[in-house]
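Taking it in order: structure first as structure tokens, then the write-up.
Read the figures in this text as sums done on the coordinates, not as results from a lab. As the structure is a computational prediction, the values presented were derived from the model and not from experiment. For neighbour counting, all protein chains shown are included, and Cβ atoms are generated from backbone atoms with ideal geometry for every residue, glycine included.
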Amino acid sequence: MEYLLIITSTYGEGEMPDNAQLLWMLCALNPRLKLDISSFPYWHWATTAYDLFCKAGIDWDNRLVELGANPRS
């Protein structure tokens, strides 16, 4: 895979939205998962009214880097 684009919001107090839960669990909880992604763009959208501003997007960024992807803004 050359590029990956994930667009997500933050729900409640930093959780993944309901429609992203299954994909997140598959990526976050699988210790043997390896992705060959040369780069991924990222954007974080949320309201600063929450303590965990953009937490779901930050979690995706961190996990994809752990899996070997190179972030690109």
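Normalised radius of gyration (Cα atoms, divided by 2.2 N^0.38 Å) for the range 18-72: 1.20.
If Lys and Arg each add +1 and Asp and Glu each add -1, what is the summed charge of the other residues whose beta carbon sits under 15 Å from the beta carbon of Thr48?
-1
Computed packing ranks the peptides 11-20, 59-68, 26-35 as 59-68, 11-20, 26-35, most packed first, by mean other Cβ atoms within 10 Å.
To the nearest ten degrees, helix 55-66 and the longest principal axis of the Cα atoms of the chain are 20 degrees apart.
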